[in-house]
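Q: Sharing a structure below in structure tokens format, with a few things to ask.
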Amino acid sequence: MSVRASRVVPIAALAVALTVGYLVGSTVDTRLGAQDVSPTEARERDYYVPNSEDLAPDEMRVIACGTGMPTTRAAQAAACFLVELGNGDKFLFDIGSGSAERISSLQIPYDYLDKVFIGHLHGDHFGALGELFIGGGLMGRSVPLRVWGPDGAVPEMGTKSAVDAMVEMYAWDLAGRAGLVDLRGFQVEVNEFDYRGVNQVVYEDNGVTIRAWPAIHSIDGPVSYSLEWNDLKFVFSSDTYPNKWFIEYGKDADIAIHECFVAVPAIVNKMGFDPESALLVGTQVHTAPEAFGRVMSEIQPRMAVAYHFFKDFDTTGDVYERISKTYNGPLSLAEDFMVWNITTDTIRVRMAVVEERTWSPPRVAPPGPPDMADRDAFSEKYGWEVGYSEFITDGVWNVDDVLRPIYEEASRVLGREFPYPERSK
Ligand SMILES: [Zn+2]
Ligand SMILES: [Zn+2]
């Protein structure tokens, strides 16, 4: 990405130098701040590098970990926003497809990424829950993953049903890990609440209050959220058509993140929809850019954030122009890894520069050893002794002679005995 130095030659000084040089045609050095710009000394940079800045005790940092659509692309993951607070608390709002990779680039210990608030159950808003569940467990989470989300008009339409089904979907995955790795992080706790609750408190702890209210999107069930802490208010629509609750409870936001869908012509030209569908999806199911602007003009946040469109060179201008018809306040057109640092005085917007070739971040708790009792629990649950049948073990092609030295090497290097798991035959 391009980088802008935040410390530059003061404009006034530069103007004087240039003017003098121009008028007098003298020997004044008009090279741009040559005396201030060293080729060897570090300069302050105007981007965010994860884990390089402490949050002030009264500061909130929001990082976009997904700003895209259900139509997947490498350049943008689907909806996901991380909120980090100066008190150490962290919260994920939506966990759309592709966002788990963005989250891993932030290298935050997974024990701190244990709270996920889902606005609705479209794949682009919770499609990466499985990766956070399984991958987060493998990358050091030692506590259950906690999920908050709305119920539905019938139980099958609710968050609990979806998450329970996800865990069942991973039956083979989880049973196969039991007895091999520390399973403490491979638990999910679901906190389902009434989707019709109006500005109801769904979370309250450590000075943080999270509220939910109904959203209008697709069918009954979706909600929007606010997070309030230390005189700062974060608001997140998830997906919604403009509605009276967002107008009322989204007010006084320091940062208001609201969906702003792809403009209708692009839905036809780039997504291949027929015009009738494009008009319905782009204006009636979602919030069109013009309607996004109208909402923001009404609630007047300190920073309005538009997301849920593919932000390309040939779409951004159209989205911006359409928003501008109805809103001219502070605005961020979100893309992945956009970062907002918020205090009661300032809002600083930057991009993060992140590592892609990451491994596990530091652990909060050391990993426990594998426990065969975990496997026994799965055997009991499924009425089948979890493991290999004789049919499969009969297929083993013996390479003990090359594997045994790996155990001997570990025993030698780590100074304790690791017995080689001799096969019975
Ligand atoms: Zn949706
Ligand atoms: Zn969506």
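Q: Is it fair to say V223 is touching a residue at least 24 places away in the same chain (Cβ under 8 Å), of a type in the set (V, I, T) and buried (at least 22 other Cβ atoms within 10 Å of the Cβ)?
A: Values: touching a residue at least 24 places away in the same chain (Cβ under 8 Å): yes; of a type in the set (V, I, T): yes; buried (at least 22 other Cβ atoms within 10 Å of the Cβ): yes.
Yes; evaluated as a whole, the condition is true for this residue.
Q: Let me ask something else. Within the group D231, D274, D252, D239, which residue is among the charged types (D, E, K, R), within 22 Å of A78 (Cα to Cα) and either crowded, with 16+ Cβ neighbours inside 10 Å or away from ligand 1 (no atom under 16 Å from the Cβ) (or both)?
A: The conditions single out D239.
Q: So, one more: Count, please, the residues in region 49-69 that happen to be of a type in the set (G, A, S) and not in a strand (DSSP E or B).
A: Step one: of region 49-69, the residues of a type in the set (G, A, S) are 52, 56, 64, 66, 68.
In the following step, the residues that additionally are not in a strand (DSSP E or B) were identified as 52, 56, 68.
Total satisfying the criteria: 3.
Q: Restricting the first residue to region 53-70 and requiring it to be modelled with pLDDT under 95, which pairs with a second residue that is more than 16 Å from ligand 2 (Cβ to nearest atom) and in a loop (DSSP other than H, G, I, E, B) meet a Cβ separation below 7 Å and a spacing of at least six or different chains?
A: The qualifying pairs do not exist here.
Q: Within region 366-385, does at least one residue satisfy the condition of being closer than 30 Å to L85 by Cα, of a type in the set (D, E) and either part of a strand (DSSP E or B) or touching a residue at least 24 places away in the same chain (Cβ under 8 Å) (or both)?
A: Pass one, region 366-385, residues closer than 30 Å to L85 by Cα: 366-368.
Keeping just the survivors that are of a type in the set (D, E) gives none.
Checked region 366-385: no residue is closer than 30 Å to L85 by Cα, of a type in the set (D, E) and either part of a strand (DSSP E or B) or touching a residue at least 24 places away in the same chain (Cβ under 8 Å) (or both).
Q: Right, something else. Give me the pairs, please: first residue somewhere in region 115-137 and open to solvent by less than 20 Å² (accessible area, probe 1.4 Å), second residue anywhere and near ligand 1 (Cβ under 9 Å from one of its atoms) and modelled with pLDDT under 95, beta-carbon distance under 7 Å, and either six or more positions apart or on two chains.
A: Taking only residues 6 or more apart or on different chains, the pairs are D124/P70.
Q: Name the single residue, out of those in region 138-162 being in contact with a strand residue (DSSP E or B) (Cβ under 8 Å, 6 or more places away or on another chain) and charged (D, E, K, R), that is surrounded by the fewest Cβ atoms within 10 Å (Cβ to Cβ).
A: R146
Here's the yes/no breakdown for (1) within 21 Å of G140 (Cβ to Cβ); (2) surrounded by fewer than 18 Cβ atoms within 10 Å (Cβ to Cβ); (3) modelled with pLDDT under 95; (4) aromatic (F, W, Y):
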| position | (1), (2), (3), (4) |
| --- | --- |
| N328 | no, yes, no, no |
| M338 | no, no, no, no |
| T346 | no, yes, no, no |
| R350 | no, yes, no, no |
| P370 | yes, yes, yes, no |
| V386 | no, no, no, no |
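Q: Something else: Suppose we keep only residues that are part of a helix (DSSP H, G or I) and more than 21 Å from F186 (Cβ to Cβ) within region 90-139. Which one would you say is farthest from ligand 1 (Cβ to nearest atom)? Walk me through it before giving the result.
A: Just the residues of region 90-139 that are part of a helix (DSSP H, G or I), to begin with: 99-105, 110-112, 123-126, 129-138.
Keeping just the survivors that are more than 21 Å from F186 (Cβ to Cβ) gives 102, 105, 123-125.
On the way: R102: 19, S105: 25, G123: 9, D124: 6, H125: 6 Å.
Among them, the one singled out is S105.
Q: Still on this structure: Here are some conditions: (1) away from ligand 2 (no atom under 16 Å from the Cβ); (2) aromatic (F, W, Y); (3) touching a residue at least 12 places away in the same chain (Cβ under 8 Å). Y307 meets all but one. Which one does it not meet?
A: Evaluating Y307 over (1) away from ligand 2 (no atom under 16 Å from the Cβ); (2) aromatic (F, W, Y); (3) touching a residue at least 12 places away in the same chain (Cβ under 8 Å) leaves (1) as the failure.
Q: Going by the conditions given, is W397 farther than 27 Å from L183 by Cα and in a loop (DSSP other than H, G, I, E, B)? Reasoning before the result, please.
A: On the way: farther than 27 Å from L183 by Cα: yes; in a loop (DSSP other than H, G, I, E, B): yes.
For W397, the condition - farther than 27 Å from L183 by Cα and in a loop (DSSP other than H, G, I, E, B) - is met.
Q: Let me confirm something: among A74, A64, A128, which residue is touching a helix residue (DSSP H, G or I) at 6+ places or on another chain (Cβ under 7 Å) and among the hydrophobic types (A, V, I, L, M, F, W, C)?
A: Sole residue among the options that is touching a helix residue (DSSP H, G or I) at 6+ places or on another chain (Cβ under 7 Å) and among the hydrophobic types (A, V, I, L, M, F, W, C): A128.
The values are calculated or read from the model by the stated rules, or taken from the named source; none is laboratory data. Predicted model, so just to flag it, every value in this text is computed and none were measured. Cβ sites come from the backbone with ideal geometry, for glycine too, and all protein chains shown count toward neighbours. Quick note on the areas: whole protein, heavy atoms, side chains included, nothing else; ligands and nucleic acids left out. Shrake-Rupley method; radii C 1.70, N 1.55, O 1.52, S 1.80 Å.
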